[in-house]
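Worksheet: one structure, shown below.
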Amino acid sequence: MFEISQLDGDSIRDAIDARDRYDLLRSAQAEARHSYGGSMKFEARGEAEYLIRRPHGSSTRKSYGRRSPETEQTLEHFVDGKARVEERVAGLRKQLEDRAPVLRARGLGRVPLLTARVIRKLDDLGWLGTSLIVLGTNALYAYEAQAAVRIDASMVATGDVDILFDARRRLVMTGEVNEKGLIGALQTVDRSFERAKSKTYTAANKEGYMVDLLEPQDHDRIMREGHTRLSDHPEDLIATTTDSSRWLLNAPKFTATAFDERGLPLRIVTIDPRVYALQKQWIVENDVTRDPAKRYRDEQQARIVAEIATKYLRLSFDDSVLSGLPKSFRDLADKLTEDGDTQSHEW
């Protein structure tokens with residue numbers, strides 16, 4: 001089976017160039033949010049005017065004092081800086097949009113558009129990589145992108161996205177999703193998203209695309225606080241947990257830039273590929289209720305991701321970074337590498 005193929009030199013060069021520009025864009029966007037987000041202007045307070053800064057998405061405000069040559073200069077620097085960074089953001093966006101058709105033509109545009117929009121929304125809100133990470137089949141887009149390979153399309157085909165919520169980390173709610181949590185965020189992407197009546201951890205849109213909210217298995221926390229949701233809204237998703245998620249509290253994260261079907265970049269934060277492979281292998285060997293077809297896919301994904309991790313990313317299953325996982329779980333790596341060094345397959 002032709003499962004993994006190495007990208008050619010031109011594709012790798014174009015991907016690296018786009019990622020570099022995307023990193024510059026993200027840096028400029030962060031500066032725009034933190035240094036120049038919101039507004040700054042003089043506001044009347046009684047008989048005097050004060051320079052007031054109102055950050056975007058926040059009810060707080062900061063006063064820089066009464067109108068004076070110094071505060072007028074502060075306002076001028078703010079206005080000039082805001083214009084400068086907005087121009088840089090617009091220029092970098094245009095460069096990425098201009099290069100997107102080339103990346104798409106080279107077959108690098110892999111992440112389905114709706115999946116990309118959901119992940120970008122979580123990233124824009126500041127949730128991705130802090131309280132939420134991507135799980136499941138969509139994680140493979142991050143692994144293949146970082147390794148400069150392409151996985152057989154049958155291994156990444158999926159109609160949903162799994163999101164893992166670490167309830168130990170505080171989630172900052174702002175603006176448009178402040179009251180409705182995850183379901184509110186999803187509805188800004190597609191208004192037809194609703195929580196499924198039969199599965200309170202699942203949201204689905206009118207086309208049947210699903211988003212599942214999971215949390216690592218932590219019996220002590222669940223016994224104390226109950227199952228988790230991102231907000232108190234009655235229609236927000238309620239996280240569920242599974243046996244195979246019990247080790248993910250201690251799983252290292254993995255971040256990569258992939259490209260959606262249009263050829264535009266997005267950041268994916270997920271679990272370390274070695275942990276992904278081990279989790280899939282654990283399911284294969286321990287979940288007797290698993291559908292046989294899904295179990296076969298689990299086994300294939302486990303071996304593919306293990307190969308990407310060891311051969312292309314040069315990662316070892318003996319790495320101390322995995323020491324937070326039980327030894328019995330880490331020992332499953334023997335099943336994934338028992339044939340020795342795995343070989344890649346060209347198309």
- Query: Quick one: is Lys82 buried (at least 16 other Cβ atoms within 10 Å of the Cβ), touching a residue at least 12 places away in the same chain (Cβ under 8 Å), charged (D, E, K, R) and more than 30 Å from Thr270 (Cα to Cα)?
  - Reply: yes
- Task: Taking Thr60 as the residue in question, decide whether it is part of a loop (DSSP other than H, G, I, E, B) and either closer than 30 Å to Gly46 by Cα or free of Cβ contacts under 8 Å to residues at least 40 places away in the same chain (or both).
- Result: yes
- Determine if region 122-136 includes at least one residue that is within 15 Å of Gly263 (Cα to Cα), of a type in the set (Phe, Trp, Tyr) and open to solvent by less than 20 Å² (accessible area, probe 1.4 Å). no
- Message: It is to be established whether one or more residues within region 108-115 are β-branched (Val, Ile, Thr) and either within 21 Å of Arg33 (Cα to Cα) or modelled with pLDDT of 95 or more (or both).
- Response: yes
- Item | Residues of region 17-75 that turn out to be open to solvent by 60 Å² or more (accessible area, probe 1.4 Å), among the aliphatic types (A, V, I, L, M) and either touching a Gly at 6+ places or on another chain (Cβ under 9 Å) or modelled with pLDDT under 95 (or both), as a count | 1
- Members of region 1-16 that are among the aliphatic types (A, V, I, L, M), surrounded by fewer than 16 Cβ atoms within 10 Å (Cβ to Cβ) and not in a helix (DSSP H, G or I): Met1
- Note on the structure: Arg262 meets each of (1) assigned to a loop (DSSP other than H, G, I, E, B); (2) open to solvent by less than 40 Å² (accessible area, probe 1.4 Å); (3) at pLDDT 95 or above with one exception, condition (2)
- Task: For region 285-315, name all the residues that are surrounded by fewer than 16 Cβ atoms within 10 Å (Cβ to Cβ), touching a residue at least 24 places away in the same chain (Cβ under 8 Å) and over 25 Å from Gly159 (Cβ atoms).
- Result: Glu285, Asn286
- Among the residues of region 195-211, write down those that are of a type in the set (A, V, I, L, M, F, W, C) and open to solvent by less than 50 Å² (accessible area, probe 1.4 Å). Ala196, Ala203, Ala204, Val211
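The values are calculated or read from the model by the stated rules, or taken from the named source; none is laboratory data. This is a predicted model, so every value here is computed, not measured. Note: ideal-geometry Cβ built from the backbone for every residue, glycine included; neighbour counts use all protein chains shown. The area values use the complete protein model at the heavy-atom level, side chains included, leaving out ligands, DNA and RNA. Shrake-Rupley method; radii C 1.70, N 1.55, O 1.52, S 1.80 Å.
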